[in-house]
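The values are calculated or read from the model by the stated rules, or taken from the named source; none is laboratory data. Treat the numbers as computed from the prediction; the structure is a model and nothing was measured. Glycine also receives a Cβ, built like all others from the backbone with ideal geometry; neighbour counts cover every protein chain displayed. Just the protein is used for accessible areas: all its heavy atoms, side chains included, with ligands, DNA and RNA removed. Shrake-Rupley method; radii C 1.70, N 1.55, O 1.52, S 1.80 Å.
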Amino acid sequence: MWLADQWRDFSLMDAGHGMKLEQWGPYLLSRPEPQAMWAPQSPAAWEAAHAVYHRSHAGGGQWEYKEPLPDQWEITYANKLRFIVRPTGFKHTGLFPEQAANWNFIYDNCVRMRAEERTPKVLNLFAYTGGATLAARAAGADTTHVDSVKQVVTWARENMEQSGLEGVRWIVEDALKFVQREVRRGNRYNGIILDPPAYGRGANGEKWILEDNIGEMLECCARLLEPRGAFLVLNLYSMGLSATLASTAVRQAFGTPFEEQFGELCFDDRAGKRLPLGTYCRFVR
């Protein structure tokens with residue numbers, strides 16, 4: 001099992017006053033983080049940041065580069081998965097390292113199915129740049145990656161190629177429309193991964209509002225997931241949505257799982273302060 005929780009070149013250095021200071025390979029980035037409500041441990045360390053993202057009162061924001069940075073660079077997880085990092089105009093870098101805990105779960109369950117001499121079919125919805133997709137594919141899963149933004153699907157394909165993998169099925173489409181069609185076709189999956197945003201737009205302008213649409217999405221996924229030995233991962237970033245809420249919504253759609261995990265995805269900084277970065281619900285049935 002190679003996919004341990006092992007970031008070789010990423011770490012959370014410090015957090016506080018609504019910001020986080022992170023090491024991304026050779027570069028130190030300072031970005032907004034509303035959950036960091038305490039004071040930073042080492043204020044002097046922040047002076048070494050290569051780039052700082054400043055929010056605008058009008059919405060959005062921009063990077064202030066203390067020194068020139070390349071347009072992109074690469075970081076590695078567990079000596080296997082390689083990801084291209086690009087600072088974007090929305091403060092993100094194209095990667096959420098705390099998701100490694102979900103990747104481990106996905107990888108381990110796909111390996112379990114392979115040991116049972118079956119090839120798992122895995123569906124990754126709202127799949128972004130493909131961390132979960134690569135975890136499933138690295139474990140030998142037949143993997144379908146769905147996202148409505150063509151540019152991030154291209155980015156995910158680049159990550160796949162950098163990781164020495166191939167064979168992912170790429171779909172640029174609204175996730176809810178895709179699962180509705182899969183239900184009509186009678187298709188089934190051994191694993192489903194959902195990482196829905198609070199708000200979003202589909203490939204043809206379809207509107208996604210988490211509170212309005214998550215119920216129908218989970219009901220469709222319940223019809224797509226195999227009844228035995230399958231897994232689900234639901235990740236939520238929206239502040240104010242608890243892990244208990246995620247578990248309750250999942251149980252309503254799928255019934256009581258055989259094995260369930262739910263909680264917060266967190267990173268500890270160098271001083272041991274634990275920063276929550278999302279909630280999750282995972283199960284195997």
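Tabulated data
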{"item": "List I171, I106, ordered by accessible area with a 1.4 Å probe, largest first", "result": "I171, I106"}
{"item": "Accessible surface of the chain [probe 1.4 Å, protein heavy atoms]: carbon and sulfur percent", "result": "48"}
{"item": "For the chain, alpha-carbon Rg over 2.2 N^0.38 Å", "result": "0.99"}
{"item": "Cα gyration tensor shape for region 134-203, rounded if a/c is under 1.5, else prolate or oblate", "result": "oblate"}
{"item": "GNM top mover of L232, L95, L123 - the chain, alpha-carbon springs below 10 Å", "result": "L95"}
{"item": "Theoretical gain in end-to-end length, R8 to Q151 [0.36 nm per residue, Cα-Cα removed]", "result": "48.8 nm"}
{"item": "Surface per residue (accessible, 1.4 Å probe) for region 190-252, Å²", "result": "47"}
{"item": "Whole-number Å³ per residue for the convex hull built on Cα positions in region 53-166", "result": "115"}
{"item": "10 °C / 1.306 mPa s Stokes-Einstein diffusion coefficient of region 156-252, Kirkwood radius on C-alpha pairs, µm²/s", "result": "106"}
{"item": "Whole-number accessible area per residue in Å² for region 33-169, which is evaluated in the context of all protein chains at 1.4 Å", "result": "46"}
{"item": "Mean Cβ neighbour count within 10 Å, used as a protection proxy, ranking 51-59, 218-226 highest first", "result": "218-226, 51-59"}
{"item": "Alpha-carbon centroids, region 34-65 and region 130-168: separation in whole Å", "result": "31"}
{"item": "Length gained when the stretch S42-E64 is fully extended (0.36 nm per residue, less Cα-Cα span)", "result": "5.9 nm"}
